[in-house]
There are 2 protein chains.
Amino acid sequence: MLTIGTLAKRTGTKVQTIRYYEQIGLLPEPGRTEGGQRRYGDSDLDRLAFIRHARQLGFTLEAIRELLDLSDNPDRSCADVDRIAHRQLKEVEVRITRLDALRKELKRMLGECSRDTVADCRVLEVLRDHAACLTDHGQGV
Amino acid sequence: MLTIGTLAKRTGTKVQTIRYYEQIGLLPEPGRTEGGQRRYGDSDLDRLAFIRHARQLGFTLEAIRELLDLSDNPDRSCADVDRIAHRQLKEVEVRITRLDALRKELKRMLGECSRDTVADCRVLEVLRDHAACLTDHGQGV
DNA sequence: CTTGAACCTCTACCTACTGTAGCTTGTAAG
DNA sequence: CTTACAAGCTACAGTAGGTAGAGGTTCAAG
Ligand SMILES: [Zn+2]
Ligand SMILES: [Zn+2]
Ligand SMILES: [Zn+2]
Ligand SMILES: [Zn+2]
């Protein structure tokens, strides 16, 4: 039986985060001591490790919830699992594409600045006028 | 004189977002009609366009606040402006590096899956155990 | 003068946590 | 057995950067 602090250390999670996962139903309510403190078993450790690892790979908590549900049906086809992972891959690729456009534009405007006064700063000029941009950075980041 | 709706349309911003920027002090409080409706001038249009463009390039609102302050002192050296832009470039590069590691790992685990049952799904196996990862995806995304 | 789109304020909500205040429990040493 | 204190508990607030809705008012065209 593990205390919440031990579970936190073993999984590299903050104690509050564990309680938060319980609150949103991502971790089951654990047993309690007489005094009301949480006590965890190995299955909780596995589940939390899964969640943290999936988070590190960028999955949202909603996606993780789906993955955990699917993981409970070992006999089913893994098509849904792969679909979720594929969607995640696509999202990552989209973000990379967008960030790469930003990187290019930032590099370019920094390269063009002659490091003189604010009045002549090329960086500010570009920020003032998207027409001075070569990149098409649609919405958000 | 522009209404908030017109200003929103001209800059591709939501009306609520404009009021939000005012609330956090990023846009000055505009004049009002007798009835209390906001009316904007061209300087507001320029300032908001600047903010939105900088946001599209990934600058935080705090960075934008600094840039706007600097922009008000045309005679000063632009070193600070360039430092902010440079910091932004670095952050973008870090994020790209991290996302690229995620992309590789997601691609790899999807490539290794034999698309059979959930019990054998390689994607889930990797998620369960970071040792099965080739990538070192430290903290967060 | 009437209608209705656009405006107003205020509040709550989103993700994925993190931090704080004020109190209680568990455990090890003396 | 008592005491000290780390670690636990709940509840609430806050982060970035907005977005959505309720319920009420104003502006401008017809
Ligand atoms: Zn410059
Ligand atoms: Zn641009
Ligand atoms: Zn699979
Ligand atoms: Zn891993």
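In terms of its C-alpha gyration tensor, the range B:36-81 has an oblate overall shape, because the principal axis ratio a/c (a ≥ b ≥ c, square roots of the eigenvalues) is not below 1.5 and a/b does not outweigh b/c. Look at the stretch A:112-119: the mean tally of other chain Cβ atoms within 10 Å of its residues' Cβ atoms is 5. With the biggest extent put first, the Cα atoms of the protein assembly as shown measure 65, 44, 32 Å across the principal axes. For every other residue with a beta carbon closer than 11 angstrom to the beta carbon of A:I51, add +1 if it is Lys or Arg and -1 if Asp or Glu, then tell me the sum. Combined, the nearby Lys, Arg, Asp and Glu give +3. Here A:K90 is the anchor, and the aspartates and glutamates within straight C-alpha reach of less than 18 Å, apart from those fewer than 8 places off in the same chain, are A:E62, A:E66, A:D80, A:D82, A:D100, B:D100, B:E105, B:E112. Take each residue of peptide A:100-111, count the partner chain Cβ atoms within 10 Å of its Cβ, and average: the result is 5. Divide the volume of the convex hull around the Cα atoms of the range A:19-141 by the residue count and you get 172 Å³ per residue. Footprinting exposure proxy ranking of B:T33, A:T135, fewest other C-beta atoms within 10 angstrom first, gives B:T33, A:T135.
Database remark: amide H of B:C121 closer than 5 angstrom to no amide H (H placed geometrically; neighbours at sequence offset of 5 or more, or on other chains; Pro and chain starts carry no H).
Overall, the range B:1-59 carries a charge dipole of about 240 debye about its Cα centre when +1 sits on the Cβ of Lys and Arg and -1 on the Cβ of Asp and Glu, all other atoms neutral. The value of relative contact order for the range A:1-59, using C-alpha pairs under 8 Å at least six residues apart, is 38 percent.
Residue by residue, the range A:40-51 carries 3J(HN,Hα) couplings of 10, x, 5, 5, 5, 4, 4, 4, 5, 4, 4, 4 Hz when phi is fed to the Karplus relation 6.51 cos²θ - 1.76 cosθ + 1.60 (θ = phi - 60°); x denotes Gly or Pro. Across the range B:85-97, rounded Karplus estimates of 3J(HN,Hα) from the backbone phi angles (6.51 cos²θ - 1.76 cosθ + 1.60, θ = phi - 60°) give 5, 5, 4, 4, 4, 4, 4, 4, 5, 4, 5, 4, 4 Hz, Gly and Pro being marked x. Each residue in A:Y40, A:Y20 was given a count of other beta-carbon atoms within 10 angstrom of its own, and listing them fewest first yields A:Y20, A:Y40.
Here is the short version for chain A: A:C113, A:C133 have no other Cys C-beta closer than 4.7 Å. Comment: the Cα-to-Cβ extended label point of B:K107, at 7 Å, lies 1.8 nm from its counterparts in the other copies, nearest first. Arranged from fewest to most other beta-carbon atoms within 10 Å of their beta carbon, B:C121, B:C113 become B:C113, B:C121.
Please give me the summed charge of the neighbours of B:G41: other residues whose Cβ is under 15 Å from its Cβ, Lys and Arg +1, Asp and Glu -1. Within the 15 Å Cβ shell, the charges total 0.
For A:E66, the distances from its label point to the matching points in the remaining copies are 3.9 nm, ordered from shortest, with each point set 7 Å beyond Cα toward Cβ.
Remark: the protein assembly as shown carries a charge dipole of roughly 80 debye about the Cα centre, counting +1 on each Lys and Arg Cβ and -1 on each Asp and Glu Cβ. Relative to the other identical copies, A:R87 shows label-point distances of 3.7 nm, where the label point lies 7 Å from Cα along the Cβ direction and values run shortest first.
Taking amide H positions as modeled 1.01 Å from N, with prolines and chain starts lacking one, no residue 5 or more places away or on another chain lies under 5 Å from B:F59. Take the Kirkwood radius over Cα pairs of the range A:1-59, plug it into Stokes-Einstein at 25 °C and 0.890 mPa s, and you get 213 µm²/s for translational diffusion.
Taking all Cα pairs closer than 8 Å and separated by 6 or more residues, the relative contact order of chain A comes to 15 percent.
Any read-out appearing in this document is the output of simple, stated calculations on the displayed coordinates, not a laboratory observation. Just so you know, these numbers come straight off a predicted model, no measurement behind them. Every residue, glycine as well, gets a Cβ built from its backbone with ideal geometry; the counts of neighbours run over all protein chains shown.
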